[in-house]
Structure formats: C-alpha cells, structure tokens
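Here is the structure we will look at, set down as structure tokens.
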C-alpha cells in the first residue's frame, strides 16, 4: 500500500498522531481486520514497534482488538474516530484549563509573579519590545495589551481589520468602556461594516479615515503595537507586528493621531 507523505502529514496534524501511528492506522483501514505483523509489512513499520503502536491506537479509539488467536485488530469507522478524538480533545482541554485555574491564589503563581516583578526591575526600557508573527498571535497580544488599559485605547485599522478586531476585542472593549477608559477607533468605514460600527459606537468613538493606511494600537500613550505589512497583501499566517513599551515613542504617535483625528469624520450614511 502506497500512501502519499502529504496525506500522512495531514493525518498527523489533524489527529495528533506520530508517523508510525498514521502508517499503521492507514494500513489497518485498508484491510479492515489484520494482524500486527501484516500491518507492519503493509505500513513499513518495524515489527518491534507494531504492537506498541496498535496498543496506542486502541487506547485512542482508532482500533479494536479482536479476541482469538492470532490477535487481530479491527479498524473503527473514521467518522466515529473523529467524534472520539473531538471528545478526547475536549476532555484534555477542560483538564488543562482546570489545572491552570487551580493555580490562582497558589504559592506557585505568587512565586512566578514575584520572579517577574523582580526581573522587570532590571530590564532596560529599550528591551521592552518584541516581534509578533501571525495574525492570531497579534490579536492575542492586542487583547492582553488593552486589558491593562487605565486611561485610553487608540486603534487605527483597515476596513477588513475593523471587522476582525470587533470579533476579537469586543468583550474587552466593553469592559474598558464600563471602567471609563476612552476608546477611539479609526478605519475606512464601509457599508459592509455598518452593523459593526453601530454596535462598536456604544463603547467607543468611531471615525472614518480614507487618507491614512495604517494599523496600530496605542494604550495609555505608553505602549504601542503596529503592524508592518498591508493586510490586503499578506496571508494571516505571515502577518507581522512590532510591540514597543516606551512612553516616548508611543505618546509621540498618539499626539500625531490626535491631529489627524480632528479631520476624521464620524459615521454617516455617506461613509457607512
């Protein structure tokens, strides 16, 4: 049996299996019922590993051991396997979240926070910067940034970026609004975003901009993250941003934004 490497790699990523496991599993699916020795030959897996691999697949719900001699294994329907794996992922995720929740208020977390505070005291201001790759990581970082806002959050984005940020940051922006944090959002407002603009206007001041193409977020005039690539031309995986925690540069950009903000128009029927 010949199975393309590309297909095997997809299975490894989707089902969190190692190479031997996907080889044995696909071999078993092609036979329906088979012995470890036969599957070893078909999948080109060392016989010394075949039984361990099958035992692992059995525990994960990919195969069932058939009673009798010689020992044979039966393939589970792939659709059933998907449901079993989904259930296992949920259970493991819930357990992981519970372990993390249990850290709150413990000596472990207190010790970690103590280490971080002591470490920050020795950091040079120029060291408080970093590069963030991938749109998912960027939005996770933006969420963390604005969560700590005390006075203001300034967001400049694109028309498509406005929709994405609304989905990703809405809960945190609502919390900030209730705390009295001033939120300003500037973006090219389109008909497509009319619903988002209406909803976002409840927690932030939104204005239309068409002469500036930029993506950045400033928190309290001290912390800044700006994206260096055009989101219309870059794949989300390769999106790239730079985070800087320096009041001098962040406040300077915030002041320039203030000047541009005066010329921006509020949402109207003409621009939404």
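The values are calculated or read from the model by the stated rules, or taken from the named source; none is laboratory data. A quick note: this is a predicted structure, and the numbers were derived from the prediction, not measured. Neighbour counts run over all protein chains shown; Cβ positions are idealised from the backbone, glycine included.
So if I check each of 211, 198, which one is within 17 Å of residue 265 (Cα to Cα), in contact with a helix residue (DSSP H, G or I) (Cβ under 9 Å, 6 or more places away or on another chain), in the same structural domain as residue 253 (by TED's automatic domain parsing) and surrounded by fewer than 18 Cβ atoms within 10 Å (Cβ to Cβ)?
So the residue among 211, 198 that is within 17 Å of residue 265 (Cα to Cα), in contact with a helix residue (DSSP H, G or I) (Cβ under 9 Å, 6 or more places away or on another chain), in the same structural domain as residue 253 (by TED's automatic domain parsing) and surrounded by fewer than 18 Cβ atoms within 10 Å (Cβ to Cβ) is 211.
Can you give me the number of residues within segment 173-190 that are assigned to a helix (DSSP H, G or I) and surrounded by fewer than 21 Cβ atoms within 10 Å (Cβ to Cβ)?
4
Could you check how many residues of segment 225-263 are in a loop (DSSP other than H, G, I, E, B) and surrounded by 14 or more Cβ atoms within 10 Å (Cβ to Cβ)?
4
Could you list, in sequence order, all residues of segment 71-107 that are touching a helix residue (DSSP H, G or I) at 6+ places or on another chain (Cβ under 8 Å) and outside the structural domain of residue 37 (by TED's automatic domain parsing)?
The one that is touching a helix residue (DSSP H, G or I) at 6+ places or on another chain (Cβ under 8 Å) and outside the structural domain of residue 37 (by TED's automatic domain parsing): 103.
Quick check on this structure: which one of 40, 14 is assigned to a helix (DSSP H, G or I) and at pLDDT below 90?
14
So which residues in segment 176-195 are at pLDDT 90 or above and touching a helix residue (DSSP H, G or I) at 6+ places or on another chain (Cβ under 8 Å)?
176, 183, 184, 185, 186, 187, 188, 189, listed by residue number.
In segment 138-154, how many are surrounded by fewer than 21 Cβ atoms within 10 Å (Cβ to Cβ), modelled with pLDDT of 90 or more and outside any helix (DSSP H, G or I)?
Total meeting the criteria: 3.
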